Each structure stands twice: as C-alpha cells, then as structure tokens.
1. Relative to the longest principal axis of the chain, what angle (0 to 90°, nearest 10) does the C-alpha long axis of helix 305-334 take?
2. With the cut-off at 19 Å, report for region 232-340 the share of all Cα pairs above it, as a whole percent.
3. Along the Cα-to-Cβ line of residue 36, 7 Å from the Cα, sits a label point; which residues in region 170-210 have backbone N less than 20 Å from it?
4. Going down the table (99/350; 30/124; 260/316; 175/221; 22/98), which pairs top 23 Å between alpha carbons?
5. Counting Lys and Arg as +1 and Asp and Glu as -1, what is the net charge of the other residues whose Cβ lies under 14 Å from the Cβ of residue 247?
6. Counting only C-alpha contacts under 8 Å and six or more residues apart, can you give the relative contact order of region 315-379 as a whole percent?
7. Multiply the residue gap between residue 101 and residue 367 by 0.36 nm, knock off their C-alpha separation, and tell me the result in nm, one decimal place.
8. How far, in degrees from 0 to 90, does helix 226-261 lean away from the longest principal axis of the Cα atoms of the chain, to the nearest 10?
Amino acid sequence: MDFNLTQEQQQFAEAIRRWAEKDYGFEQRKHIIGSAEGTSSKAWSELTELGATALPIPEELGGFNGSAVDMMVVMQELGRGLVVEPYFATVLGAEFLKKAKAHFDVLEQIATGEKKLAVALAEKQSRYDLFDIATTATPNNDGFVLNGTKIVVLHGAQADMLIVSARSNENQRDKSGIHVFLVDANSIGIHRTDYRTIDGYRAADIRFDQVQVAPINMLGKENDGWELIDETADYGVSLLCSEAIGIMEAITAATLDYLKTRQQFGVPIGKFQVLQHRMAEMFMEMEQARSMATLAAVKVSSANVEERRRTLSAAKARIGQAARYIGQQAVQLHGGMGVTNELPVAHMFKRLTTIELSLGDTDHHLARFVTQPGFKVSA
C-alpha cells in the first residue's frame, strides 16, 4: 500500500494548515467557543473558499469528488487546528445523501457552504447501537409523522437540515423497519436544546413532536435504512480516526517543545532519559495509529461489507488506545499546567476523549471486530 500523499493532497493539507495557524489560532478558537453561537460564520466562509466543503461533493454538483483518503487529509489538519466548526457533521450528512443518491440540490448547497447538516441518530437508550431506535415514523396521507427524541446531535442547533433515523415497527432493536429522513431543521414540531460539550463543540438534544415529513425526504429503501446507517457510520468513523491523528501529531509536538524548554535542576527536562522513553513510546503509538487511519480511509469504500466493518472497527479501537495513551502522557509531562484551559494540550486531550466516545468506543469496536467472520477465520 502506498502511504504517500499526492501533490494535490499535500497542497490542500498545507492550505488548510496555513489557514488554521493564521486565522484559527488558539486565542481565536477560545473566543469562538465562548460565543453564543459556538461557531464562526467567518471561519465557515473561509473553509468554503478553501474548497473544504466542496471536496466530498461530486463534480457534477459543483464539488471535487474527493475520496475518503482526500477527506483524511482535511480532517487531519482540522484536528491539528482543533477546529470546532460543523464540518464533520455536514460532510457526514452529505455522505447519507450521496449514498442514497438523493437531494442533489442540497449537495450543491453544501458545496457552496450555503447549507449545514447534522446527523441525529443516537437516543438515550441506544448507546452505540444505532439500530436501537424508539423514534417513530408513522405513515399518513402526506408522508410520515416523526415523534421521538435524539440526543447529543453534534452541531444539531447550527444545522439547516437534519438526517434523522426512525422506525415504523414496534421492535425497538430490530434492524428492519428503519427509515432515514432528510428533515428541515426549522420544521414545525422540532425543538432543539443547544449546549457546549467538554471539547468545545456544540451539540443539541432534539425533540420531534408530530413533525410532518414528505415521502420524497425518505433516504434509501423503505423499512431498510439500517444498511445506509451502518455504511455511513463507518465513513464517519474513518473521518474521526483521521481527525484524531492530526490532534495526536499536534499534542506530541507540543509536548516535545515543552520538554525542550521546561528546566529542572538547571537542564531541560527533555534531557532525562525516562522522559525521552515516554516520548519515544508516544511516537510509536502515533505511527501505528496513523497506519490504521490510512487503512481505514482506503477500506471504507470496500464493496466487501465484512472487510469494511472489520477494518474500521480495528482502526477505531487501535486509534482509541493510542489517543488515550498519548493524551494521558502529554498531560502528565506538562505537569499541573496540562489540565488547565491555558494550554492547548488540555483542549486536545478533551477532543481525543470525545472522539473515543463518538460512533463507538474502543470496547464497542473490539466487540464488533471479533464478531466478524474474517476474525474467526484468521484466528
């Protein structure tokens, strides 16, 4: 496998990195997080100008038809810059529309930055089992009526449109009878409660109270939305893995700089061999995680469903382990300052922790990995 980036990918990465360093620095980010909106319209416009929103959109709809590997490059740089804009939520929502081959007008508006999306899948009882759905979709003469509540919808209050899962049968954990809808976020009957998460992002709990949805807004096959959810969630996992790599690179570099400048007994603490060993272990963890993130980006589009699930779960689990180790070591090596909001390292660790808990934690993906047929064969 060729792990080298193309010239175009390198140029795109450098452009995003320069923007994040110049216009989305640590102080600017703190101001954005502390604002009422929690995001920046200026930053979103600049990401659009850089082509980030158009990257995953098909060329015929005004985009660049970027692959998962292209998206890996962008997510790494956004992770490195700790960007809190609704990019992940929007491109994950766009992936639902692409896979369903529907609502091309919305995809065009995503490419131009006019529309932001959010994905409302999780419920209070579901944890990481996205097929555990209590939200109902009741057919009527005008389409469907949605009732239920979704929780921790990333950038749910900032989105113009929502991707929502619901079911038409009474078996709450049945993988059949599931529908996926594209819903206008300002529809009558939608109530959004916005809040800030521990990593500085925004999320919302969203209640659907007799929300009318037209038949045309159903994505994929009727009563068979689980396959769409499962496939697109794996795409989201690949994006999160890539973002985590960018954060781990940044937190490792920040820790190394600190060891070179912080002095104890008249010498930089980086001179102490035991701390050098820790840095070496952090580096090895990061490189192993990087390889898995790259493999995940390559295999997420695999036609072999078992191979895709096996690879994405292996990547999420391995990167979760690496993120925990690197984050903890970075905080410890910074001493007491490592847990304060005054240093970027604390914010990086919080984001790594949130990524670990998003779309399945390490334990969840290890359990999923061992249930795949390929694991039994290799074992």
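1. Result, in degrees: 40.
2. Values: 2856 of 5886 pairs.
The calculated P(r) of region 232-340 puts 49 percent of pairs beyond 19 Å.
3. Answer for this model: 186, 191-197, 201-205.
4. On the way: 99/350 32 Å; 30/124 30 Å; 260/316 32 Å; 175/221 13 Å; 22/98 33 Å.
Checking Cα-Cα distances, 99/350; 30/124; 260/316; 22/98 exceed 23 Å.
5. Summing Lys and Arg as +1 and Asp and Glu as -1 gives +1.
6. Result for region 315-379 is 37 percent.
7. 92.6 nm
8. Once rounded, one gets 20 degrees.
The values are calculated or read from the model by the stated rules, or taken from the named source; none is laboratory data. Quick caveat: nothing in here was measured; it's all calculated off a predicted structure. Don't worry about glycine lacking a Cβ; one is built from the backbone with ideal geometry, like all the others, and counts go over all protein chains shown. These area figures cover heavy atoms from the full protein model, side chains too; ligands, DNA and RNA do not enter into them. Shrake-Rupley method; radii C 1.70, N 1.55, O 1.52, S 1.80 Å.
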